[in-house]
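The values are calculated or read from the model by the stated rules, or taken from the named source; none is laboratory data. Bear in mind the structure is a predicted one, so any value in this text is a computation, not a measurement. Don't worry about glycine lacking a Cβ; one is built from the backbone with ideal geometry, like all the others, and counts go over all protein chains shown.
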Amino acid sequence: MERRNQASCFFGIILFGMVVACKTVPEKRLSEVEILKLAEAASYEDCHNGSSHGYKVVGCDLDAVFMDGNWNVIATKIFQNDKGERLGVMGASSAYIFSPDGKYLSHIPGM
């Protein structure tokens, strides 16, 4: 009976070790191109609506950086008039935060 308890204890420790090992395997980190595609979809409505001083929002410039264990994407609105001239608007950038594997975490809007 004691031998059976030792075997059960041994297999219990092995199983626990496997669960912990699986839990600590780092998640797959998406590439910058993959994250930019996710950010483009997440920011689409924000990047295609609105205007400022007669300049319509026609899209966003997206820049991604992997920092502090997450993907951070800055979406800067592009304002353009009917002549194709651009207008730089202070505070027209928003941040989109994604986990390494692409899970949407948060949005920090611009001013």
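Below are the figures for this structure:
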| quantity | calculated |
| --- | --- |
| Residue among SER93, SER31 that alone is among the small types (Gly, Ala, Ser) and crowded, with 17+ Cβ neighbours inside 10 Å | SER93 |
| Residue in segment 18-38 that is modelled with pLDDT of 90 or more, outside any loop (DSSP other than H, G, I, E, B) and touching a Cys at 6+ places or on another chain (Cβ under 9 Å) present | no |
| Near pairs, Cβ below 7 angstrom, 6+ apart or cross-chain, from segment 72-89 (more than 13 Å from SER51 (Cα to Cα)) to any residue that is hydroxyl-bearing (Ser, Thr, Tyr) | VAL73/TYR96; ILE74/SER93; ALA75/SER43; ALA75/SER93; ALA75/SER94; ALA75/TYR96; THR76/SER93 |
| Those residues of segment 78-101 which are assigned to a loop (DSSP other than H, G, I, E, B) and of a type in the set (Phe, Trp, Tyr), in sequence order | none |
| Top-ranked residue in segment 39-57 [being at pLDDT 95 or above and surrounded by fewer than 16 Cβ atoms within 10 Å (Cβ to Cβ); ranked as nearest to ALA92 (Cα to Cα)] | TYR44 |
